[in-house]
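All of the numbers you see were taken from the coordinates with simple rules; none came from a lab. Note that the coordinates shown come from a computational prediction; the quantities given were computed from them, not determined experimentally. Glycine also receives a Cβ, built like all others from the backbone with ideal geometry; neighbour counts cover every protein chain displayed.
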Amino acid sequence: MSDAVSVEEPQSEVAENAATGDVVIYSSAGVRRVAPASLVQEYNFRQPGFLSPRDANQYNSHHQKYAQNLAARLATFLRVELTCEASSVRCETLPFRSFCDAVAQPTHLSVFQFEGLEGAGVLEVRPKTSIALANRLLGGQGVLAGEGERSPTEIEVALLDELVIMILKEWIDSFGASKNHAPRILAHETGCRFLQIAADDCPFFVFKGEFKFGELSEVLQLSVPFSMVEHLAGRSPATAPNPVAEVRQKPLHWRSPYASIEVPITAEWQVRMISLGEAAALAVGDLVQLPQELIDQTRIRVSDGDEFFGTIGVEEGRLAVHLNDRIQKE
């Protein structure tokens, strides 16, 4: 068999390729050539999930609309000017470990899940932006006058969670799936070092958008398993990534800083329905008759929720309400 082809490369050629940093590759037609090692990338055929140029354009277009809608909603909620240019939006897929390595530390990360969907995601809001948003929620101007580099406090994190849920709801709603997949926050981290929500080679979809808020202009990042995006987009790949184990939510613990957060408490009665004509005829000095049984049907509201039924009366010369029963919520 003098014309048989050996599958082993000559040792001298292997040594030469190693010295120059080149590798030997073969095309689909079996043509052999030498190429720089920098052109060769690992690919896990059991976990495909890297976007083609066509898919990348579609996801970019989708998330440009999401970013604009989110900026408008946050601006309305915070009553400030907040924008995101469509040109700043970027979507990509990369292994989970590569995403973690690219995140600058320290930062502020919110780990989350959507009900009914496998896997957990990460939302990054940079510390400066987190503190400025919390300042605005507390009634400030959303500026960082005299603030040095620091991480958000526990109270600021608790306040920011409301905006995090809003960001996640807007994202899931962009796929028309908000009714079935409510978001919930699992944990907070200052870096990716201890994140164990996926295997290192698990493909993750990453959305980046530069949001301008006051004098700040920083990038917001949202990262989820690529399989989640495929599911939401209605795609059914022939070979789906291995599901990521569900991350258990950390038990809630009362934290002493929460005790200083003030919430309103209100006592009210639901009297009766009246016509628009009667309402228009009401004037100062009129008497509105109240049924006697309303005394035992006083509703106590804590923050924005009805919590208790009570009886109103006088205790030691002061008006008071005795809490009789907790209101059962559906």
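For this structure, a couple of remarks:
- Subtracting the Cα-Cα distance of Ser61 and Ser38 from their residue separation scaled by 0.36 nm leaves 5.2 nm.
- Extension gain, Val31 back to Arg90 (0.36 nm per residue minus Cα-Cα distance, nm): 17.6 nm
- Cβ crowding within 10 Å, taken as a proxy for footprinting-reagent exposure, orders Ile185, Ile274 from fewest neighbours to most as Ile274, Ile185.
- Label point distance in nm, Asn180-Leu276, each placed 7 Å from Cα along Cα→Cβ: 4.0 nm
- Within the stretch 255-319, the chymotrypsin sites (Phe, Trp or Tyr not before Pro) that combine a DSSP coil assignment with at most 15 other C-beta atoms in a 10 angstrom radius are Trp269.
- Geometric descriptor of the stretch 53-258, per residue, is 128 Å³ (volume of the convex hull of the Cα atoms).
- Where GluC sites (Glu not before Pro) fall in DSSP loop in the stretch 102-198, at most 16 other Cβ within 10 Å: Glu115, Glu118, Glu147, Glu149
- Principal semi-axes of the equivalent ellipsoid, √(5λ) from the alpha carbon gyration tensor of the stretch 264-326, are 25, 15, 11 Å from largest down.
- Normalised contact order of the stretch 53-258, rounded percent, pairs of Cα under 8 Å and 6 or more residues apart: 31 percent
- Label point distance in nm, Val263-Gln105, each placed 7 Å from Cα along Cα→Cβ: 3.5 nm
- Looking at the stretch 72-146, the pairs of alpha carbons with a distance over 20 Å make up 50% of the total.
- Sites listed here are chymotrypsin sites (Phe, Trp or Tyr not before Pro) in the stretch 168-216 whose DSSP assignment is loop and whose Cβ has at most 14 other Cβ atoms within 10 Å: Phe194.
- Modelled this way, with points 7 Å down the Cα-to-C-beta line, the labels at Ala199 and Arg97 are 1.2 nm from one another.
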